[in-house]
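See structure below.
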Amino acid sequence: MAEQGLRQAGKALFHEAFGAAPALAASAPGRVNLLGEHTDYNGGPVLPIALDRRTVVHAGRASGFRFASRFEPGAVERRIDEGPRGHWSDYVIGVVRELVAAGCAIPGVELAVASSVPAGAGLSSSAALTVSCAAALARLAGHRLSPVELVDVAWRAEADYVGVRCGRMDQTAAVFGRPGKALEFETGTGQRRLVPFTGSVHLLDSGLRHVLVAGEYEHRRVECEEALRRCRRAMPELASLADVPAGALPRLGRFLPRTLARRVRHVVTETARVREGVDALQRGRRARFGELLFAGHRSLKRDFESSCDEADAIVALARKAGATGARLTGAGWGGVVIILAPERSAEAIVRQIQAGFARQYGRVPQAWRSRASGGARIEG
Ligand code: GLA
C-alpha cells in the first residue's frame, strides 16, 4: 500500500476503534539486510537498508492502554504491569514500560497500527512497530528522545520485555535508514556510515515463517556465547567473535567442537564480507557486491545452518536465471530472499525464479520490489 494510503487507513482505523481523531502519528520502515547476518550480537558489522514498506501508528492520550490493528477487530486493552501474552501488543507495552522507566509520564494511550511490512518474513516488522510506537508515544508525552535513545527504547522493549535477545541492527536501520543509502553499522563500536545504494532490490518470499522467541535464534546465540568462551582460552583478550582474525581459525579449531567452529567461521567470514561489500559499493562494483551475497548465503547454509530448503532453491534458481546476487536475509529458517539483478532484466529474472520454484514446490512465491528508503519520522 502506498504511504499516503497507509496513513489514511491508520487514521480511519483510529477513528473507528476509538471514536475520536488521533493527536499525532509516527512511522518507521521495515529493513532488509544486504550483508552481515548474525553478526550484530557478535560485535560485528551489518549492512541493512530501510525498506519503502512502513508501519504507521496513530496515537492519542487516554486513561488506559488500548491498541487497535488492521489485522484484528476491535481494540485490545492492556495494563503496563502485566507480563507478555504472546500478542503483538506486547511490543507496544514493552515500549510504554521503557519510556516510563526513562522518566516519560504516560498515564494512558490509544493507538492504532497500520503496516505494509509483512510479519515474520525477516523484514523486521517488530522493529518497525517498536520504533514507530516509541517515536509517537515520546512525542505525545512531550519527551525528547535522541535517535540513539529511540533505538535503545525500541531494542529494550523487544529484548527485555518481549524476550527476544536480538541485536540492535533492526532498530538502528529503522531509525537511521536513508533513501538511496545502505547503512553500515559497526555493532562493536556503535559507528554508523551511509554507503551509496541506489536502484531496486527484489524480495522473494520463501513462504516459511519463523518464530524467534525461544527458537533456533536463541539457540544460535547460546552457541556463539559458548564459542566465545572457548576461543578466549586461546585468546583471552578477545572482545567478541567478530574480532577473531581469519588467520586464527585453524588454531582455534582445537578449542572448538566442529559445530561451534563452523558458527565462528560464519561470523568471521561474514564480518569480512560486510567490509568488502562496503568497499565494493563505494567503488560501484555491483558484480562483486552480488558475489558476496551468494557467498554469504553459502555460509548461512553450511556454517550457520540458518537457511531452509525453499530459500536454498530460490538462491540456486536466482543464480541460474542471471541474478547478480541472492541471499536469505534476516534471522533465517524461512522468510525472504533478497535478489539483486540488472535493472533491465530484473523482472524477467524474478518471473523465471518464480516459475522454477513453482515447478519444485507447487506454489508461486510472492515477490516485491523495493528500494532504500527513509527512517523513522513523525508524520505531519
Ligand atoms: C534478527 C534480529 C537481528 C539480527 C538478525 C540476524 O533480525 O532481530 O538483531 O540478529 O536476526 O542477522
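The values are calculated or read from the model by the stated rules, or taken from the named source; none is laboratory data. Values in this document were obtained by computation on a predicted structure and should not be read as measured data. Quick reminder, even Gly has a Cβ in these numbers, built from the backbone with ideal geometry, and neighbours come from all protein chains shown. These area figures cover heavy atoms from the full protein model, side chains too; ligands, DNA and RNA do not enter into them. Shrake-Rupley method; radii C 1.70, N 1.55, O 1.52, S 1.80 Å.
Listing for the model above:
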quantity	calculated
Which listed residue, of 375, 334, is out of contact with any Leu (no Cβ under 7 Å at 6 or more places or on another chain), open to solvent by less than 50 Å² (accessible area, probe 1.4 Å) and within 22 Å of residue 125 (Cα to Cα)	375
Filter result (among the hydrophobic types (A, V, I, L, M, F, W, C), touching a helix residue (DSSP H, G or I) at 6+ places or on another chain (Cβ under 8 Å) and open to solvent by 40 Å² or more (accessible area, probe 1.4 Å)) within the stretch 349-366	364
Scope the stretch 128-177; condition of a type in the set (Gly, Ala, Ser), more than 12 Å from the ligand (Cβ to nearest atom) and touching a residue at least 40 places away in the same chain (Cβ under 8 Å); matching residues	132, 135, 136, 141, 157, 163, 177
Selection within the stretch 229-268 - touching a Gly at 6+ places or on another chain (Cβ under 9 Å) and open to solvent by 20 Å² or more (accessible area, probe 1.4 Å)	239, 243, 261
Residue in the stretch 190-207 that is at pLDDT 95 or above, assigned to a loop (DSSP other than H, G, I, E, B) and under 15 Å from the mean Cα position of the chain (by Cα) present	no
Matching residues, the stretch 2-39, being at negative phi, part of a loop (DSSP other than H, G, I, E, B) and away from the ligand (no atom under 16 Å from the Cβ)	2, 20, 21, 22, 23
Evaluation of residue 42 against (1) away from the ligand (no atom under 14 Å from the Cβ); (2) touching a helix residue (DSSP H, G or I) at 6+ places or on another chain (Cβ under 7 Å) (one fails), failing number	(1)
Verdict on residue 222 being in contact with a helix residue (DSSP H, G or I) (Cβ under 9 Å, 6 or more places away or on another chain), more than 11 Å from the ligand (Cβ to nearest atom) and β-branched (Val, Ile, Thr)	no
Residue 286 vs. criteria in contact (Cβ under 8 Å) with a residue 40 or more places away in the chain and open to solvent by 60 Å² or more (accessible area, probe 1.4 Å)	yes
Pick from the stretch 321-346, criterion within 13 Å of the ligand (Cβ to nearest atom) and in contact with a Phe, Trp or Tyr (Cβ under 9 Å, 6 or more places away or on another chain), ranking: nearest to residue 368 (Cα to Cα)	336
Segments classed as helices (runs of 4 or more DSSP H), wholly inside the stretch 97-184, with at least 3 members that are closer than 17 Å to residue 58 by Cα and open to solvent by less than 20 Å² (accessible area, probe 1.4 Å)	125-140
Residue satisfying condition, being open to solvent by 50 Å² or more (accessible area, probe 1.4 Å), touching a residue at least 24 places away in the same chain (Cβ under 8 Å) and hydrophobic (A, V, I, L, M, F, W, C), within set 23, 62	23
Number of the condition not met by residue 199 [criteria: (1) more than 14 Å from the ligand (Cβ to nearest atom); (2) open to solvent by less than 10 Å² (accessible area, probe 1.4 Å)]	(2)
Matching entry among 316, 321 (being surrounded by 19 or more Cβ atoms within 10 Å (Cβ to Cβ), among the aliphatic types (A, V, I, L, M) and more than 20 Å from the chain's Cα centre (by Cα))	321
